[in-house]
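Okay, so here's the structure we're looking at.
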Amino acid sequence: MRFVTAFLLLLTSTLCLAQSPVDRLTAPIESSLTVPLKGNLHGGARPEFDQGRVDGSMQMHALSLVFKPSPAQQRDLDQLLAQQQDRMSPNYHKWLTPAQFGDRFGMSKSDIGKVISWLQSQGFTVTRVANSRNEVFFSGTAAQVESAFHTELHHYLVNGEMHFANATEPLVPAALSGVALAIRNLHNFEPKPRAHLRKVPASDVSPHFTSSISGNHFLAPDDFATIYDVQGLYGAGTDGTGQKIAVIGQSAINLADVRNFRSAAVLPAKDPTLLLVPSSGNSTTCPGDEGESDLDVEWSGGVAKNASIILVYEGVPSGQTCSNRTNGAFDALDYAVNAVPQIATIISISYGLCENTNSAVGITQAQALSLRTLAQQANTQGQTITSASGDNGAADCEAPQTSSAVQGLAVDIPAAIPEVTGVGGTRFNEGSNSSLYWNALNNPNNGSAVSYIPEMAWNDTLDATDNPQGFLSASGGGASIYFAKPTWQTGTGVPNDAKRDVPDIAVNASPFHDAYLFCSEDGQNGTKVSTCISGTFRDSHQNLAVVGGTSAGAPTVAAILALVDQSLIASGFKSAPGLGNVNPTLYQLAGSDPTSFNDVTSGNNIVPCAKATPNCPSSGQFGFSTGTGYDQVTGLGSVNANILAAAWAGTPNFTLQPNAAIFSVVAGNSIQVTVTVHPLNGFNSALTFTCSDPASESTCVSPSGATTQSSVTFNITTTAPTARLGSPFSRRGSVFYALLVPGLLGILITAGQRKPTARSMRLLVLIMVLGFSTLWLAACGGSSSSTKNPGTTKGTYTVKLSASSGGTNPISNSTQVTLIVQ
């Protein structure tokens, strides 16, 4: 026993030593010997924008010194991330806490102490150390920053906005060389909200949210659920209960907006939690940012309707404003990852900057790499991050309201980070068949979508009707210049470019066709506007507020993933929330269970570019087109949430696919609908089929009995209009014969009279009676004396085709087809 005890103690101590970071700062931190910290000079800090040096007394908030893992730590981290997504690994879904991450992949406590001492020696106030032990936060004045990091801070006027930034690369003590990665918030070029907000005047809208001018529709949460197969999850009781979604923002919101939205969408009353990042400043509603937060909070909760939504947002430091603040959405993201206890397992962020160190709206390489370290930490903790891929097509670095790209091809950060799921944009493509996919009236949940609607890539750039100014307006996508292609990004259509490609998936994004309904007091140009009236999406002037952009994709996909996670727990696949990096699974399922996605093969994100500018060819436009499988516009395509959840779990299941979506038939004829059964995950049970046909005088006959056939046929029979003679014993028929029989007898009796004159008169009268009775019967032939069957009424109907496996735990699924009776 003593031997066993000693062995266990030795093993335990060995494991502890293996997970404890070694000291990496082997030399004293001396300010006299410095090296450049490359990748920390912002693209907006150009001489042509320079407005002079800042005042040395300017307060610098939310500064942080970020450290990178050692090469050995990075190898260990990469291995752990792969194991956490490998179902055969004992580390599968074994998540860490921030403290555990720090003990394994952070700086040693001794090294952190040395860094704190050096910062304090430079006059800074150290505010906190991240739980991951790879970041130390501090504050001070501009003069202290310039002295400690041997640079100057200048004001820069860029795109009409005043910013500040370091004019040269900062220098750090040589002891930190190879350890330090970035100094965050040396500048205030913060990410901007991307939501495309607009008001739809009441005069342009009919009572059912269908434009009387363009015929466009608008999405309510019930529509989204129908189109992307979320309704199937709802039917199984999967509604987000027990799930937490963190929405990243940099503005407070008015809870009345969220309450009005949920009331209009007929969602259960459930307020989000508003979590102001501690010590970040004053809670403030910021123009533009407030509307972004409204969109993200409302629609994440609109899809995962019983999930807990937490808005994690930065305040505005004292003495600063929304437009010149020194902190923003990336700081809120940092807090959501490092907070203890954990805030949420799903994180949605609709803010970003482009990959271009020379761009005024870009991100420095060091900042991008530090965000990747943060995303990797989130993944080890079971957290999934979804991010908008950008709204400028293949030219992510262009300023808002630009009509021609001048800065070249670019993708967006954080979406381009391999440990983040980038969400692109699609546009519904009904063609001239809008009535086939939208009901004329809303259902009780204010939805009117009938089924999945075909999609194309979102690109409104050259749409002269909706976007007459020609502003860049398309799904962001392309290849990263900072990150190599991850091993899991493979499959049909994935470019062989050795680069991380963006996006991963996509959902509807057009602000015009068809925009998302939402409620917000945030108006254009910083004005407050009338929000929705409780119970309706309209404001007091009967206008609608609608929104689009890939900003809508990040929260809705986050909600779908929360539902998938809940479904996995309910099925017994796992016991606790958390998916980590979902990208490896998404690409795997695209190959093994392709019906989990709607492959988008039409459209592009090509935008105009100015000749003689970076990447611009002689054609004057650049970008990418959709194709079979993956593409750099819509990724793997949009999702079928219910199928995705079943395929993810590997639970035996099946889907039904009709041989066509639309069938036309002339009343009186029959059609056959062949439905193919696609088994998932080894499903092999016999199925019993049923159908629901709402058309009058029409019948749908299902295959009889249970069957294991791979395809079955439904027969739909309609009825032609017919006329039937009334029964001689019907009410009016009886009157007819009551008149006819005496009349005939009268003729016979009259014929026997001796006096021809009297006989003739009586005969004439009787003939008249007979004639009038016949005419009366004919005139009433459309009623019960001679009924007419109208047959199947002309119109458009939705026929539901269902199948169930039976047994103690039946699995049921359905599909639907559109029946047009002519």
| note | Apart from one, (1) without any contact (Cβ under 8 Å) to a residue 60 or more places away in the chain; (2) of a type in the set (Asp, Glu); (3) more than 27 Å from Thr384 (Cβ to Cβ) all hold for Asp86; the odd one out is (3)
| task | Tell me which of these Gly390 doesn't satisfy, since it passes every other one: (1) open to solvent by 10 Å² or more (accessible area, probe 1.4 Å); (2) in a loop (DSSP other than H, G, I, E, B). | result | (1)
| field | Single residue of Ala195, Ala142, Ala180, Ala130 found to be within 25 Å of Asp296 (Cβ to Cβ) and at pLDDT 95 or above | value | Ala130
| request: Name the one entry in Ser251, Ser283 that is surrounded by fewer than 23 Cβ atoms within 10 Å (Cβ to Cβ) and either at pLDDT 95 or above or under 24 Å from Thr127 (Cβ atoms) (or both). | output: Ser283
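May I ask you to say which residue of Thr487, Thr550, Thr556 is under 19 Å from Leu233 (Cα atoms), of a type in the set (Ser, Thr, Tyr) and at pLDDT 90 or above? Explain how you work it out, then say what you get.
Details: Thr487 fails: under 19 Å from Leu233 (Cα atoms); Thr550 fails: under 19 Å from Leu233 (Cα atoms).
Being under 19 Å from Leu233 (Cα atoms), of a type in the set (Ser, Thr, Tyr) and at pLDDT 90 or above holds for just one of Thr487, Thr550, Thr556, which is Thr556.
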| request: Count, please, the residues in segment 529-550 that happen to be closer than 30 Å to Ser638 by Cβ and either in contact with a helix residue (DSSP H, G or I) (Cβ under 6 Å, 6 or more places away or on another chain) or part of a loop (DSSP other than H, G, I, E, B) (or both). | output: 7
| said: Report every pair of residues separated by at least 6 positions or lying on different chains whose Cβ atoms are under 6 Å apart, first residue within segment 333-359 and over 16 Å from Thr556 (Cα atoms) and polar (S, T, N, Q), second at pLDDT 95 or above and assigned to a strand (DSSP E or B). | reply: Asn356/Ala410
| remark: Of the residues in segment 345-376, those that are within 23 Å of Gly424 (Cβ to Cβ) and of a type in the set (A, V, I, L, M) come to Ile346, Ile347, Ile349, Leu353, Val361, Ile363, Ala368, Leu371, Leu374, Ala375
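Applying the selection to segment 230-243, what residues are assigned to a loop (DSSP other than H, G, I, E, B) and open to solvent by 40 Å² or more (accessible area, probe 1.4 Å)? Talk me through it step by step, then tell me what you get.
First pass over segment 230-243, keeping only residues assigned to a loop (DSSP other than H, G, I, E, B): 230, 236-243.
Within segment 230-243, Ala236, Gly237, Thr241, Gly242 qualify.
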| message | Return the residues of segment 699-718 that are under 15 Å from Thr655 (Cβ atoms) and assigned to a strand (DSSP E or B); say none if nothing qualifies. | response | Ser711, Val712
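Any idea which of Pro614, Pro594 is out of contact with any Ser or Thr (no Cβ under 8 Å at 6 or more places or on another chain) and touching a residue at least 60 places away in the same chain (Cβ under 8 Å)? I'd like the intermediate steps shown before the answer.
Working: Pro594 fails: touching a residue at least 60 places away in the same chain (Cβ under 8 Å).
Result of the check over Pro614, Pro594: Pro614.
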| Conditions (1) over 24 Å from the mean Cα position of the chain (by Cα); (2) surrounded by fewer than 19 Cβ atoms within 10 Å (Cβ to Cβ); (3) not small (Gly, Ala, Ser): number failed by Asn543 | (2)
| field | Residues located in segment 48-69, provided they are open to solvent by less than 60 Å² (accessible area, probe 1.4 Å), under 36 Å from the mean Cα position of the chain (by Cα) and at pLDDT 95 or above | value | Leu63, Ser64, Leu65, Val66, Phe67, Pro69
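Run down Ala686, Ala667, Ala645 and say which single residue is of a type in the set (Gly, Ala, Ser) and open to solvent by 30 Å² or more (accessible area, probe 1.4 Å).
Values: Ala667 fails: open to solvent by 30 Å² or more (accessible area, probe 1.4 Å); Ala645 fails: open to solvent by 30 Å² or more (accessible area, probe 1.4 Å).
Among Ala686, Ala667, Ala645, only Ala686 is of a type in the set (Gly, Ala, Ser) and open to solvent by 30 Å² or more (accessible area, probe 1.4 Å).
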| So, in segment 127-157, of the ones that are of a type in the set (Val, Ile, Thr) and surrounded by 20 or more Cβ atoms within 10 Å (Cβ to Cβ), which residue ends up farthest from Ala378 (Cα to Cα)? | Thr151
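Kindly provide the set of residues from segment 429-454 that are among the aromatic types (Phe, Trp, Tyr), outside any loop (DSSP other than H, G, I, E, B) and open to solvent by 60 Å² or more (accessible area, probe 1.4 Å), ordered by number. Break it down into steps so the answer makes sense when it comes.
Applying the first criterion (among the aromatic types (Phe, Trp, Tyr)) to segment 429-454 yields 437-438, 452.
Retained after the next criterion (residues that are outside any loop (DSSP other than H, G, I, E, B)): 437-438.
Result: no residue meets the conditions.
Kindly indicate whether Val639 is in contact with a Leu (Cβ under 7 Å, 6 or more places away or on another chain), closer than 30 Å to Gly390 by Cβ and open to solvent by less than 30 Å² (accessible area, probe 1.4 Å).
Numbers: in contact with a Leu (Cβ under 7 Å, 6 or more places away or on another chain): no; closer than 30 Å to Gly390 by Cβ: yes; open to solvent by less than 30 Å² (accessible area, probe 1.4 Å): yes.
Criteria not met by Val639.
Criterion first (over 15 Å from the mean Cα position of the chain (by Cα) and open to solvent by 10 Å² or more (accessible area, probe 1.4 Å)) does Asp460 satisfy it?
Here the answer is no, as Asp460 does not meet what is asked.
For every residue, the table says whether it meets (1) of a type in the set (D, E, K, R); (2) free of Cβ contacts under 8 Å to residues at least 24 places away in the same chain; (3) open to solvent by 20 Å² or more (accessible area, probe 1.4 Å).
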{"position": "Ser534", "(1), (2), (3)": "no, no, yes"}
{"position": "Asp539", "(1), (2), (3)": "yes, yes, no"}
{"position": "Gly553", "(1), (2), (3)": "no, no, no"}
{"position": "Thr556", "(1), (2), (3)": "no, no, no"}
{"position": "Leu561", "(1), (2), (3)": "no, no, no"}
{"position": "Gly578", "(1), (2), (3)": "no, no, no"}
{"position": "Thr585", "(1), (2), (3)": "no, no, no"}
| note | A careful count of residues in segment 594-609 that are assigned to a loop (DSSP other than H, G, I, E, B) and in contact with a strand residue (DSSP E or B) (Cβ under 7 Å, 6 or more places away or on another chain) gives 5
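Can you tell me which residue is most open to solvent (accessible area, probe 1.4 Å) among those in segment 85-112 that are polar (S, T, N, Q) and touching a Pro at 6+ places or on another chain (Cβ under 6 Å)? Walk me through it before giving the result.
Residues of segment 85-112 polar (S, T, N, Q): 85, 89, 91, 97, 100, 108, 110.
Still in the running and touching a Pro at 6+ places or on another chain (Cβ under 6 Å): 85, 108.
Working: Gln85: 40, Ser108: 7 Å².
Out of the qualifying residues, it is Gln85.
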| said: Is it the case, given these coordinates, that Gly591 is assigned to a helix (DSSP H, G or I) and more than 22 Å from Ser348 (Cα to Cα)? | reply: yes
| Is there a residue being at pLDDT 95 or above, in a loop (DSSP other than H, G, I, E, B), of a type outside the set (Gly, Ala, Ser) and at negative phi anywhere in segment 75-83? | no
| message | Take residues that are modelled with pLDDT of 90 or more and closer than 30 Å to Gly791 by Cβ and tell me which of the strands (runs of 3 or more DSSP E) falling wholly in segment 630-698 contain 1 or more. | response | 662-665, 670-680, 687-692
| Tally of residues being under 30 Å from Gly548 (Cβ atoms) and aliphatic (A, V, I, L, M) across segment 149-196 | 3
| field | Residue that is under 19 Å from the mean Cα position of the chain (by Cα), farther than 27 Å from Arg372 by Cβ and of a type in the set (Ser, Thr, Tyr), where the choices are Thr595, Thr628 | value | Thr595
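Inspect segment 392-415 for any residue being of a type in the set (S, T, N, Q) and under 23 Å from the mean Cα position of the chain (by Cα) and give the result as yes or no. Quick ask: steps written out before the conclusion?
Residues of segment 392-415 that are of a type in the set (S, T, N, Q), as a first pass: 392, 401-404, 407.
Then keep just the ones that are under 23 Å from the mean Cα position of the chain (by Cα); that gives 392.
Among the residues of segment 392-415, at least one is of a type in the set (S, T, N, Q) and under 23 Å from the mean Cα position of the chain (by Cα), which makes the answer yes.
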| message | Quick check on my filter: what residues within segment 113-126 are part of a strand (DSSP E or B) and either touching a residue at least 40 places away in the same chain (Cβ under 8 Å) or loosely packed, with under 14 Cβ neighbours inside 10 Å (or both)? | response | Thr125
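Find the strands (runs of 3 or more DSSP E) located wholly in segment 297-374 whose residues include 1 or more that are open to solvent by less than 30 Å² (accessible area, probe 1.4 Å) and within 24 Å of Gly393 (Cβ to Cβ), and list them.
Working: elements: 308-313, 346-349, 353-355.
Of the strands (runs of 3 or more DSSP E) lying wholly inside segment 297-374, those with at least 1 residues that are open to solvent by less than 30 Å² (accessible area, probe 1.4 Å) and within 24 Å of Gly393 (Cβ to Cβ) span 346-349, 353-355.
The values are calculated or read from the model by the stated rules, or taken from the named source; none is laboratory data. Because the structure is predicted, anything quoted here is derived from the model rather than measured. Backbone-built Cβ (ideal geometry, glycine too); neighbour counts: all protein chains shown. Remember, those area values only see protein heavy atoms, side chains included, never the ligands or the DNA or RNA. Shrake-Rupley method; radii C 1.70, N 1.55, O 1.52, S 1.80 Å.
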